[in-house]
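Bear in mind these aren't lab numbers, they're just calculated from the coordinates by the rules spelled out. Quick caveat, the model's predicted, so the values are computed rather than measured. Heads up, the Cβs are rebuilt from the backbone with ideal geometry, glycines too, and the neighbour counts pull from every protein chain shown.
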Amino acid sequence: MKHDVEAFRRAAAEASEWIARYLEDPARFRVNPDMRPGDLMDRLPASGPEQGEPLARIQADFEEVILPAVTHWNHPRFFNYFACTASVPGVIAEMLAASMNTNGLNWIASPAVSELEQVALGWLREWMSLDAGYFGQIFDTASISTMHAVMAAREWADPDSRLDGITKKLTVYSSDQAHSSIDKAVIAAGIGLRNLRKIASDEAFRMRPEALREAMEADVAAGYTPCCVIVSAGTTSTTSVDPLEAVLDVAEAHNVWVHIDSAYAGAAALLPEFAWMLRGNERAHSLVVNPHKWLFTPMDCSAFYTRFPDVLRRTFTITPEYLKTTSDPREVSLMDYGVALGRRFRGLKLWYVLRYFGRETLQELIRGHIAMAAEFAGWVAADARFELAAPAPFSAVCFRLTAGEERTRALVAAMNQTGRFFISQTVLKGRYAARVAIGNQATTREDVRALWEEITRLA
Ligand code: PLP
């Protein structure tokens, strides 16, 4: 059946006009939907149509039925989680990638997918001042990147595990502030949550290297084999940065794989003033940074780097006849470096984004967000009704009302009921805190000012 390209032209013109208006002013929508779980499902038929429907009708339902159930991550007053941006170059590249629909499972299946991914990740590696020995590939999420790090660590510490399953009592270490994706990686790698040691963090929520040393030594004495340490460079709750070099000193004594989770804050490594956060990366084994967080690349795009690609190949390569490709030494077939076979053309959007903004504009945007967060933190610190709940080195600020936890909880709930602001919450050393994260391309000082005014009004 031939494509109805005339219908496409009409619908695509309308859709691109819709996208343009959306990017121009996403704030005309509520940032978070006003609905209850199940509301959208109740509005849609339980079974699909027997006969196809015209695109115009589907588009009308998109506006009427689907949009009211969307949380607008592109909204400039989205301050929850870590914000992200569907930027102009990112959206265009996603449209093109969807049209070509390449599956870059190996080199020959679409050389552009393998090679552009290498080029774009090479640029990003340089801009982050990472060691030149880092080999990159793109996964969908940081969770999957970190899962691959833990699986490589398992291979590193227990080379028989590929054939026999885990043969040693392996242990993994992270701080007590690390993201839940580490727990999931440990589950997925078959190591087991009981063998994940959550090392105590200090008063600024950074891993304590001495506590790590003690835990590793105790484990070795008890017959365990330490296999992986995960260093957070920008934790999710407070964006604290573990002391990488001191952790490496401890980890190297046990020859374990060191993975850096800089999913969000790695973007700040584009700024020379933040070079300290990844100092020592040339001694680590792998690192994740998500361009889909703070580098204005649409979901999903997680950059996974390792200095030991051969360990990933050892862990994952399986080549049946139907997947054989060339034997040229320059060929990179990314199916050999991970679990998945199929691969989306994610490198295209990263390449578009890096070229469109260039290093300087990216630096300006990131610096701007950090400055806005610092200003917001200053307002919090100067108001006697509030206190900062943690240091704020990047663009996220945790704070609470001094009047108590219930008041802070009520404040977060009230803010999110406005439909104009969307903020988050966390618990820090047992104490509840509100959390505001700045990171969308469209967010301005006026948005942050309005956020603070609303917070103080509701307080
Ligand atoms: N690591 C950190 C520090 C994060 O903040 C997050 C998510 O916010 C993740 C990992 C998981 O990211 P993803 O959703 O890409 O799996």
Original post:
At q = 0.18, 0.28, 0.32 Å⁻¹, what base-10 log of I(q)/I(0) does the Debye formula yield for segment 160-202 when every alpha carbon is treated as an equal point scatterer in vacuo?
Top reply: -0.53, -0.98, -1.14
**OP:** Calculate for the chain the 222 nm mean residue ellipticity that helices alone would give, adding -39,500 (n - 2.57) per DSSP H run of length 4 or more and normalising by residue count, nearest 500 deg cm²/dmol.
**Re:** -13000 deg cm²/dmol
Original post:
Considering lysine pairs in the chain that are 8 or more places apart or on different chains, how many have Cα atoms under 17 Å apart?
Top reply: 4
Original post:
How many angstrom lie between the C-alpha centres of segment 4-40 and segment 386-455?
Top reply: 28 Å
Original post:
Based on the alpha-carbon gyration tensor of the chain and its eigenvalue square roots a ≥ b ≥ c, which shape applies: rounded if a/c is under 1.5, prolate if not and a/b is larger than b/c, or oblate?
Top reply: oblate
**OP:** Quick one: divide the alpha-carbon radius of gyration of segment 328-459 by 2.2 N^0.38 Å and tell me what you get.
**Re:** 1.42
**OP:** Starting with the highest mean, order 246-258, 340-352 by the number of other Cβ atoms within 10 Å, averaged over the residues of each peptide.
**Re:** 340-352, 246-258
Subject >> Amide H partners (placed H, <5 Å) of Leu170, local residues excluded >> reply: Thr225
Original post:
So what's the convex hull volume per residue for the Cα atoms of segment 95-353, in Å³?
Top reply: 117 Å³
**OP:** Place a +1 charge on the Cβ of each Lys and Arg in segment 95-353 and a -1 charge on the Cβ of each Asp and Glu, then give the dipole magnitude about the Cα centre in debye, rounded to the nearest 20.
**Re:** 540 debye
Subject >> Relative packing of peptides 74-83, 58-67, 320-329, 23-32 - highest average C-beta neighbours within 10 Å first >> reply: 74-83, 23-32, 58-67, 320-329
**OP:** Would you be so kind as to identify which of Pro68, Phe274, Ser145 lies farthest towards the positive end of the dipole of the chain, taking Lys and Arg as +1 and Asp and Glu as -1 on Cβ and the Cα centre as origin?
**Re:** Pro68
Original post:
Dividing the alpha-carbon radius of gyration of segment 212-343 by 2.2 N^0.38 Å (N being the number of residues), what value is obtained?
Top reply: 1.24
